[in-house]
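Okay, so here's the structure we're looking at.
The values are calculated or read from the model by the stated rules, or taken from the named source; none is laboratory data. Computed from a predicted model, the values in this text were never measured in an experiment. Note that we place each Cβ from the backbone using ideal geometry, even for glycine, and neighbour counts take in every protein chain shown.
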Amino acid sequence: MSDTFNLSVEENADYAIIRTEGYVNNLGGEKIGEAADRLIEQGIRKLIINFEKSNVVNSIGISILIEVIEKIVDVDGKICFCFLTKTIEKTFNIMGLTQYADIYETEADAMANMA
């Protein structure tokens, strides 16, 4: 499995979208965490994380996502995920991430619920 990971960030007035591409392991998770930290510092309180181009999230990636969720909760923000594979969605449910983050089929659905 390749360790190649990229992400892009799109910001607007109401929220930001982090789009991932590749394996969300320690490297990918750290990049997501760094991007989220920057956005929170800029005053962004709503995040959409789009996993359309990521098919695997390992335990370290999940632990970093939990840290991101905690930071968003601390600033009374909101976070959601979209385009999860069935396996990732099931894992997020088991790990309790969905108690604090909504899951949407598409980015458009997530955007509609963030605005």
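The condition of being touching a residue at least 60 places away in the same chain (Cβ under 8 Å) and either within 18 Å of Asp109 (Cα to Cα) or acidic (Asp, Glu) (or both) holds for Ile48. Just so you know, in segment 75-115 the residues that are β-branched (Val, Ile, Thr) and either more than 11 Å from the chain's Cα centre (by Cα) or assigned to a loop (DSSP other than H, G, I, E, B) (or both) include one that is nearest to Gly33 (Cα to Cα), and it is Val75.
Consider segment 9-33 and keep the residues that are polar (S, T, N, Q) and assigned to a loop (DSSP other than H, G, I, E, B). The one that is surrounded by the fewest Cβ atoms within 10 Å (Cβ to Cβ) is Asn12. Take Ala36 and decide whether it is in contact with a helix residue (DSSP H, G or I) (Cβ under 6 Å, 6 or more places away or on another chain), under 18 Å from Asn113 (Cβ atoms) and buried (at least 17 other Cβ atoms within 10 Å of the Cβ). The answer is no for Ala36. Scanning segment 83-104 for residues that are closer than 18 Å to Ala16 by Cα and out of contact with any strand residue (DSSP E or B) (no Cβ under 9 Å at 6 or more places or on another chain) yields no hits at all. Within segment 80-97, the set of residues being among the aromatic types (Phe, Trp, Tyr) and closer than 19 Å to Met111 by Cα comprises Phe81, Phe83.
Filtering segment 70-82 to residues that are crowded, with 20+ Cβ neighbours inside 10 Å and either out of contact with any strand residue (DSSP E or B) (no Cβ under 6 Å at 6 or more places or on another chain) or under 14 Å from Arg19 (Cα atoms) (or both) leaves Ile79, Cys80, Phe81, Cys82. Here Gly61 clears all of (1) within 22 Å of Met111 (Cβ to Cβ); (2) buried (at least 20 other Cβ atoms within 10 Å of the Cβ); (3) not β-branched (Val, Ile, Thr) except the condition numbered (1). I need the full set of residues from segment 101-115 which are exposed (fewer than 14 other Cβ atoms within 10 Å of the Cβ) and either in contact with a helix residue (DSSP H, G or I) (Cβ under 9 Å, 6 or more places away or on another chain) or closer than 15 Å to Phe51 by Cα (or both), in order please. Correct list: Glu105, Thr106, Ala108.
Against the test of being more than 11 Å from the chain's Cα centre (by Cα), in a strand (DSSP E or B) and at pLDDT 95 or above, the options Asn6, Asn50 yield a single qualifying residue, Asn6. Of the residues screened, Ile72 is not one that is in a strand (DSSP E or B) and within 12 Å of the chain's Cα centre (by Cα).
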